[in-house]
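Shown next, in structure tokens, is the structure this report addresses.
The values are calculated or read from the model by the stated rules, or taken from the named source; none is laboratory data. For clarity, every value in this text was computed on a predicted model and none was experimentally measured. Note that each Cβ is placed from the backbone with ideal geometry, even for glycine, and that neighbours are counted across all protein chains shown. Protein only, heavy atoms only, side chains kept; ligands, DNA and RNA dropped before computing areas. Shrake-Rupley method; radii C 1.70, N 1.55, O 1.52, S 1.80 Å.
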Amino acid sequence: QVAAFAKKAFEGNPAAVVPLESWLSDELLLKIAQENNLSETAYFIDKGEYLHLRWFTPAKEVRLCGHATLASAYVLYEHLAYQKPQIHFKVLAGDLYVNKQGTSYQIDFPADQVKSSSFAKSDLESILQCEVLDIKQGTDDVLVQVKNEEILGQLKPNFRALADLEVRGLIATTRGTQTDVASRGFYPAYGIEEDPVTGSAHTLLTPYWVEILGKDSFTAVQGGPRKGFLNCTF
């Protein structure tokens, strides 16, 4: 079990990492993820030129996951004596690359496309019980901007109503006080009421905020009671 996006113990997002020599059945992979009871369990097989990587929540397999990718890279370098300077993962979403830079890890994710959303502002305000300043949508998630970090920290969404939306999850975001950007991610349709730190959410947050901030990189924090930290570059 490895916590990604953490500066110290009890921060970041923990993921379980399970190296395999051959694939188990999807049913068994899901049961192991349920037993781990973390937001993600990562499984990988070393194919030589690349590693085949898959992720499961306690409810289903996912297309793209950041923190469990970084956790997998950490296990490879720190526990399995992986020697190549760059790790090439093949995943449902395509090809991912992770580089180790000192004690940090850099992941190259495809940027999501920021699109207009068809969700009604009033419906999302009802789910979040707060004013929504902006609404956008990506491939998997809907993104809403709220007024400030205090309101962001107080959010208590209606998870049942949120799970009924036809999206993977909802990302709430605002300008940060200690970082450039702050956010929280809610994914009840995938069995996760709140994910502490979601790497894949930042494939949408990054292009959204670089346009607002007018710079191509920024610092970010995500989470409610448990938080994690990222440096994002577009």
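Things to note:
- Subset of segment 41-51 [at pLDDT 95 or above and open to solvent by less than 60 Å² (accessible area, probe 1.4 Å)]: T41, A42, Y43, F44, I45, L51
- Given (1) in a helix (DSSP H, G or I); (2) of a type in the set (A, V, I, L, M); (3) touching a residue at least 24 places away in the same chain (Cβ under 8 Å), number of the condition L38 does not satisfy: (1)
- Verdict on A120 being aliphatic (A, V, I, L, M), surrounded by fewer than 14 Cβ atoms within 10 Å (Cβ to Cβ) and more than 20 Å from F56 (Cα to Cα): yes
- Candidates L64, L76 - the one that is surrounded by 15 or more Cβ atoms within 10 Å (Cβ to Cβ) and within 15 Å of the chain's Cα centre (by Cα): L64
- Boolean, N99 is open to solvent by 30 Å² or more (accessible area, probe 1.4 Å), over 24 Å from G223 (Cβ atoms) and touching a Pro at 6+ places or on another chain (Cβ under 8 Å): yes
- Any chance F5 is open to solvent by 10 Å² or more (accessible area, probe 1.4 Å), within 16 Å of P196 (Cα to Cα) and out of contact with any strand residue (DSSP E or B) (no Cβ under 6 Å at 6 or more places or on another chain): no
- Single match in A71, A59 (criterion: within 14 Å of the chain's Cα centre (by Cα) and open to solvent by less than 50 Å² (accessible area, probe 1.4 Å)): A71
- Only strands (runs of 3 or more DSSP E) whose full extent lies in segment 125-215 are considered here, and none of them has at least 2 residues that are closer than 24 Å to F234 by Cα and open to solvent by 50 Å² or more (accessible area, probe 1.4 Å).
- I107 meets each of the listed conditions (1) open to solvent by 30 Å² or more (accessible area, probe 1.4 Å); (2) modelled with pLDDT of 95 or more apart from (2).
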